[in-house]
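Q: Have a look at the structure that comes next, please.
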């Protein structure tokens, strides 16, 4: 069964089409990654799926409810956690949970059960009385997740949940998400960090209001980048990039920190030509290695068109 | 030019009972891109603020660009740029006015050419009259960087510069950083994203106010004890649960369509993994050993008790 179905969904603001004929399905218990640059239409889709905005045309259902005619039922069935966590910094951990439980209309017994569950899940047992503002970002993140799950939502939306969270806490967070999904909760997540998108079962990429690619992380990497990608370690990165971009045998090239990623038709010939042309310009090549393209390479390939 | 960009000996700083920076030693070379990584509360931001002359150290010797932090603070401040986590832009000022403001703070009188050059270079020229509050995350980040560069610093500190910035803008930003590096500027940055740290010349893993490891990413990855194996199988979630309980498996990381395992000893560990999965009717489609990521190393150092977990 699908937790979310989206069919030809379109949303216009005046003359501007923010979401343009978008269709996709999200299975129950799936971790679904929704990726796109700023202004690509991500937020507009999420607002529609959360019952906060109606569509101009097309339709969608979330947990079986229609976004245009049953938005109130959707709001009761979903959880939402934003980038900013929306916690009250001057309330304690327990007080925040109590507050959100009240907002969701839980009765007292249920509320106590769920708060106990959330505190345990988030590893905050020793911190129940701590002021939320005093917690490290990673702990706040887990508390915000707990708040979003108090009413046992079937679908939870996580909008850039890990901004500024340190690597250890982030790993722990994804372990929690994994457990949730296994219990049957559908997780719809957006992130700007493509190494994180690797945790998703399915990824959908939106660009200029349209879906440009979708599939498992592996499918995206193998289906969209058809040419070998070489990682070049050399002196003068920017100068080298400029030189390589002028070569007609270079398919794509970009800077990756202190290294270059270069796509060529053939690994051996490409590697030889890169060495030749760079050494003609007195650039020392320290190493060239074939790499598996990362999701970031795929993203740039699909969206960075003028 | 024989001195390093940053030279720290035995630096300490505490806030009440908390030793934020605890006998820290560090050298950062001129012209390098250096990443400072570590868990929350490791002391990264405090270290940067001390180096920028914003807060005074309790003890230790610090020199920045050859100047002594205690005696020659103003010389340092004139030659460095600092981009804080929140970008510190004025939302109700235009792009142009923000730059003008920063130029005045730094006493740069003749900033107009420099400004135009930076705007062109960062492709901000068409948006000059726009209010900073109306810019996208990526444009704010570029404007904040332009403000940081208006006085032509030799060394810049960037504290989590890419948080909340989309991948395309982030790629642009890294290209600008590479360009700055080429012009000889030293860059010190912090990031919670270890794939970003991996792009720097050297990385320092910081914890509890001291440096655990400082080296090139490729050398840090060699410190990894054990082998990382990528496993593609049916029913990833069931396999994940099973493998978590296997003794020879140091760590299991489940991704959307694969699992990464860390085995202490591949030759004895992998056959065990194969037989356990087989006995539970899980079919391995493929497996291969992969180069550990910085994240693997970081988490593994932490599990060996060298880093406190939160």
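Q: Would you mention how many residues in region B:104-118 are part of a helix (DSSP H, G or I) and more than 30 Å from the chain's Cα centre (by Cα)?
A: Here the count works out to 2.
Q: Within region A:192-213, can one find any residue that is facing chain B (nearest Cβ under 10 Å) and over 15 Å from the mean Cα position of the chain (by Cα)?
A: Scanning region A:192-213 turns up no residue that is facing chain B (nearest Cβ under 10 Å) and over 15 Å from the mean Cα position of the chain (by Cα).
Q: Looking at region A:9-47 only, could you name the residues that are within 20 Å of residue B:165 (Cα to Cα), in contact with a helix residue (DSSP H, G or I) (Cβ under 9 Å, 6 or more places away or on another chain) and either more than 14 Å from chain B (Cβ to nearest Cβ) or free of Cβ contacts under 8 Å to residues at least 60 places away in the same chain (or both)?
A: Those that are within 20 Å of residue B:165 (Cα to Cα), in contact with a helix residue (DSSP H, G or I) (Cβ under 9 Å, 6 or more places away or on another chain) and either more than 14 Å from chain B (Cβ to nearest Cβ) or free of Cβ contacts under 8 Å to residues at least 60 places away in the same chain (or both): A:18, A:38.
Q: Return a yes/no flag: does region A:50-70 have any residue that is in a helix (DSSP H, G or I) and either touching a residue at least 12 places away in the same chain (Cβ under 8 Å) or under 23 Å from residue A:176 (Cα atoms) (or both).
A: no
Residue-wise test of (1) within 28 Å of residue B:139 (Cα to Cα); (2) assigned to a strand (DSSP E or B).
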{"residue": "B:4", "(1), (2)": "no, no"}
{"residue": "B:7", "(1), (2)": "no, yes"}
{"residue": "B:23", "(1), (2)": "no, yes"}
{"residue": "B:40", "(1), (2)": "yes, no"}
{"residue": "B:88", "(1), (2)": "yes, no"}
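Q: Any idea which residue in region A:262-283 is farthest from residue B:199 (Cα to Cα), counting only those that are in contact with a strand residue (DSSP E or B) (Cβ under 6 Å, 6 or more places away or on another chain) and surrounded by fewer than 20 Cβ atoms within 10 Å (Cβ to Cβ)?
A: A:267
Q: I'm trying to understand the selection: among the residues of region B:66-91, which are at pLDDT below 90, touching a strand residue (DSSP E or B) at 6+ places or on another chain (Cβ under 7 Å) and surrounded by fewer than 17 Cβ atoms within 10 Å (Cβ to Cβ)?
A: Matches in region B:66-91: B:85, B:91.
Q: Residues that are closer than 24 Å to residue B:167 by Cβ: find the helices (runs of 4 or more DSSP H) completely inside region A:89-192 holding 2 or more of those.
A: Hits in region A:89-192: A:137-149, A:167-182.
Q: Tell me whether region A:218-237 contains one or more residues that are buried (at least 19 other Cβ atoms within 10 Å of the Cβ) and within 22 Å of residue A:4 (Cα to Cα).
A: yes
Q: Another question, then. Surrounded by 23 or more Cβ atoms within 10 Å (Cβ to Cβ), over 30 Å from residue B:223 (Cβ atoms) and either more than 13 Å from chain A (Cβ to nearest Cβ) or at pLDDT 85 or above (or both): which single residue out of B:200, B:147 fits that description?
A: B:147
Q: Criterion first (within 14 Å of chain A (Cβ to nearest Cβ), in a strand (DSSP E or B), closer than 20 Å to residue B:203 by Cα and in contact with a helix residue (DSSP H, G or I) (Cβ under 8 Å, 6 or more places away or on another chain)) does residue B:36 satisfy it?
A: Yes; evaluated as a whole, the condition is true for this residue.
Q: Can you find a residue in region B:289-301 that is over 20 Å from residue A:168 (Cα atoms) and in a strand (DSSP E or B)?
A: yes
Q: Of all residues in region A:235-268 being farther than 20 Å from residue A:298 by Cβ and without any contact (Cβ under 8 Å) to a residue 12 or more places away in the chain, which is nearest to the other protein chains (Cβ to nearest Cβ)?
A: Residue satisfying both the conditions and the ranking: A:242.
The values are calculated or read from the model by the stated rules, or taken from the named source; none is laboratory data. Just so it is clear, the model here is predicted, and its values are computed rather than measured. Glycine gets a Cβ as well: all are built from the backbone with ideal geometry, and neighbour counts include every protein chain shown.
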